[in-house]
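To keep things clear, I will list the structure first and then write my remarks on it.
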Amino acid sequence: MHNVIITGADGFVGSETAKYFLSRGCDVIAVGRKASPERLQPSENLKYISCDVSNIDQMRELLKSASSDSYDAYIHFAWNGSAGNARTDYELQLKNVRDTVENLKFAKSIGCKKFVCAGSIMEYEVEAVVHSQGSLPGMAYIYGMCKLMAHCICKSVAANIGIDLLWPMITNAYGPGEMSPRFLNTTLRKIMNNEPLQFTSAVQNYDFVYITDAARAFYLITENGKPFHEYIIGSSQAKPLREFIIEIKDTLAPEADLLFGDVPFTGTNMPLETFDTSKTEHDCGFKAQVKFSDGVKNTYDWLRNLHKGGDRSLKIKPSSEFISGGLAA
């Protein structure tokens with residue numbers, strides 16, 4: 001690979017992925033909504049384009065000033081409302097679906113060979129919930145439903161127009177740089193603020209992947225993945241959430257009390273096979289390198305440094321485990 005376009009490139013996972021592609025000698029066109037990037041540093045191989053991904057005509061015009069007229073891959077992270085209550089906004093989430101499909105078509109029109117879209121492991125949970133008789137899925141499942149919808153439509157459209165589609169599916173990416181109200185972030189902030197550590201019974205299976213591992217996975221999947229295949233990005237160490245929580249406690253707050261069962265769990269427990277990364281390892285050569293305890297410590301230290309600087313966003317809550325009861329990808 002040499003030339004790639006990355007949308008949502010100034011976001012949490014997108015920016016780290018852009019940095020990894022740059023470290024591998026790639027030329028990166030980074031697309032973001034802000035006038036200038038906050039997470040990306042200047043580089044001679046990086047061109048930043050300020051544009052909303054729904055404005056295809058503007059993107060096409062802005063790309064005319066790029067140094068390349070051909071691209072190896074188009075990597076799509078841009079997705080509004082991926083955390084918090086915005087997951088329940090079906091109009092916003094449906095717009096994300098349309099924008100994803102239109103970006104796929106745009107990628108083909110400018111000569112991209114591959115379209116790589118950031119999917120979610122929640123797609124599997126959605127399928128299980130929707131096809132379960134008598135189920136009453138919560139509104140937060142709308143996010144995962146629309147990720148699945150985008151996946152299905154993109155697969156048909158990509159096959160029809162002749163562009164290779166690859167669909168990495170993130171379990172739960174975490175690490176320094178993330179400011180959302182998702183489960184791990186909220187738990188670390190509660191430890192920092194000496195708040196009660198209340199959880200569901202936490203028997204549902206879960207997985208986490210550190211941000212640098214997630215970025216490397218996107219590179220390897222883009223480079224080596226098979227067309228029209230989906231690939232799980234995880235630690236290869238999936239287990240019940242309770243075990244991850246205990247590991248967080250042992251690493252950061254060994255004297256703290258864990259209160260399991262105080263928060264009702266309304267989600268669906270997916271089998272451990274759902275998190276199987278063996279295909280990603282076999283086809284793409286990816287295996288996570290950062291241990292969960294090390295990643296948690298790195299993230300906690302980063303959050304503490306922000307806290308010392310007076311960052312008010314540390315008060316964000318609640319966690320998406322409480323909102324949806326499901327997987328928090």
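Sorting MET149, MET59 on solvent-accessible area from highest to lowest, probe radius 1.4 Å, gives MET149, MET59. Rolling a 1.4 angstrom probe over the protein heavy atoms with all chains in place gives the chain an accessible area of 43 Å² per residue. Only protein heavy atoms count here; on that basis, with a 1.4 Å probe, ARG304 has an accessible area of about 100 Å². Per residue of the chain, the DSSP helices (runs of n ≥ 4 H) give a summed -39500 (n - 2.57) that works out to -13000 deg cm²/dmol at 222 nm. Annotation: extensible slack from MET139 through GLU127 equals 2.9 nm (criterion: 0.36 nm per residue apart, minus Cα-Cα distance). The GluC sites (Glu not before Pro) of the range 254-296 meeting both criteria, a DSSP state outside H, G, I, E and B (loop) and at most 13 other C-beta atoms within 10 angstrom of the site's C-beta, are GLU255. With R₀ set to 51 Å, the beta-carbon distance separating LEU259 from ILE56 gives a calculated FRET efficiency near 0.55. For a straight C-alpha distance cut-off of 19 angstrom, the lysines reachable from LYS190 (same-chain residues fewer than eight places away being disregarded) are LYS249, LYS297, LYS308, LYS315, LYS317.
Between GLN198 and ALA159, what FRET efficiency follows from the Cβ-Cβ distance if R0 is 41 Å, with the result rounded to 0.05? The pair GLN198/ALA159 has a calculated efficiency of 0.30. Calculated FRET efficiency, LYS64 and LYS95, Cβ-Cβ r, R0 25 Å, to nearest 0.05? The pair LYS64/LYS95 has a calculated efficiency of 0.45. Heavy-atom accessible area for GLU243, with the other protein chains in place and a 1.4 Å probe, reaches approximately 90 Å². With the whole protein complex present, ASP57 retains an accessible surface near 120 Å², based on a 1.4 Å probe. Roughly speaking, to the nearest percent, how much of the chain's 1.4 Å accessible area is carbon and sulfur? Answer for the chain: carbon and sulfur cover 50 percent of the accessible area. The residues packed around GLY111, meaning those with a beta-carbon under 14 Å from its beta-carbon, carry a net charge of +3 if Lys and Arg are +1 and Asp and Glu are -1.
The values are calculated or read from the model by the stated rules, or taken from the named source; none is laboratory data. This is a predicted model, so every value here is computed, not measured. Reconstructed Cβ throughout: ideal geometry from the backbone, glycine too, with neighbour counts over all protein chains shown. Please note that ligands, DNA and RNA were not included when accessible areas were found on the heavy atoms of the full protein model with its side chains. Shrake-Rupley method; radii C 1.70, N 1.55, O 1.52, S 1.80 Å.
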